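Trainee: Okay, handing you the structure first.
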Amino acid sequence: MRIIDLCNRNGINPCGGGTCKINENPPYFTCVCPRSSVQVNNSFCATPKYCDAQFPCPPESYCKNGNCECNPGYQWLSLPPLPLYDASVLRNRQSCK
């Protein structure tokens with residue numbers, strides 16, 4: 001079986017800030033993420049402020065270009081401690097105050 005190198009397809013790293021490793025099982029790659037991000041579905045590395053439909057922003061913030069931004073007049077009080085161990089930290093972020 002020939003494995004397609006999805007880690008370097010079109011010059012784009014699917015892991016974002018992580019290291020892409022080819023393997024023999026779908027999706028045929030795994031992301032090794034730095035301590036400052038969390039692995040999501042073995043297929044990409046997300047920072048603590050990452051947002052999308054699966055990981056919405058906490059109250060008093062909004063999603064802009066894939067990152068949570070605090071509403072005007074608000075600021076992040078804290079982010080999850082490092083290292084991030086699983087994607088649940090993205091669902092349980094504190095709101096901006």
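Trainee: At 222 nm, what value in deg cm²/dmol follows for the chain if DSSP H runs of at least 4 each add -39500 (n - 2.57) and the sum is divided by all its residues, to the nearest 500?
Mentor: That calculation yields -500 deg cm²/dmol at 222 nm.
Trainee: Alpha carbon centre of segment 21-97 versus segment 4-19: separation in Å?
Mentor: 19 Å
Trainee: Note the listed values (1) 35, 32, 27; (2) 33, 29, 17; (3) 54, 24, 18, then indicate which one is Cα extents along the principal axes in Å calculated from this particular structure.
Mentor: Of the labelled values, this structure produces (3).
Trainee: List the trypsin sites (Lys or Arg not before Pro) in segment 6-36 that DSSP assigns to loop (not H, G, I, E or B) and whose Cβ has at most 10 other Cβ atoms within 10 Å. Which are they?
Mentor: ARG35
Trainee: For a quick check of your reading of the filter: which chymotrypsin sites (Phe, Trp or Tyr not before Pro) in segment 1-62 sit in a DSSP loop and have no more than 15 other Cβ atoms within 10 Å?
Mentor: Loop-located and lightly packed - TYR28.
Trainee: Report the charge-dipole magnitude of the chain in Debye, nearest 20, computed about the Cα centre from +1 at each Lys and Arg Cβ and -1 at each Asp and Glu Cβ.
Mentor: Details: 9 positive and 6 negative charges, 19 e Å.
Around 100 debye, computed over the chain.
Trainee: Follow-up question, since we're still on this one. What is the dipole size for segment 48-97, taken about its Cα centre, with +1 at each Lys and Arg Cβ and -1 at each Asp and Glu Cβ, in debye to the nearest 20?
Mentor: Dipole of segment 48-97, to the nearest 20 debye: 80 debye.
Trainee: May I pose another question? Under 8 Å for C-alpha pairs, at least 6 residues apart: give me the relative contact order for segment 48-97, rounded to a whole percent.
Mentor: 42 percent
Trainee: Take the Cα atoms of segment 1-46, build their convex hull, and give its volume per residue in Å³.
Mentor: Spread over its residues, the Cα hull of segment 1-46 gives 57 Å³ apiece.
Throughout, read-outs are computed from the coordinates displayed, never taken from laboratory work. Here the structure is a predicted model, which is why all the values come from computation and not from measurement. Methodologically, a virtual Cβ is constructed for each residue, glycine included, from the backbone with ideal geometry; neighbour enumeration extends over all protein chains shown.
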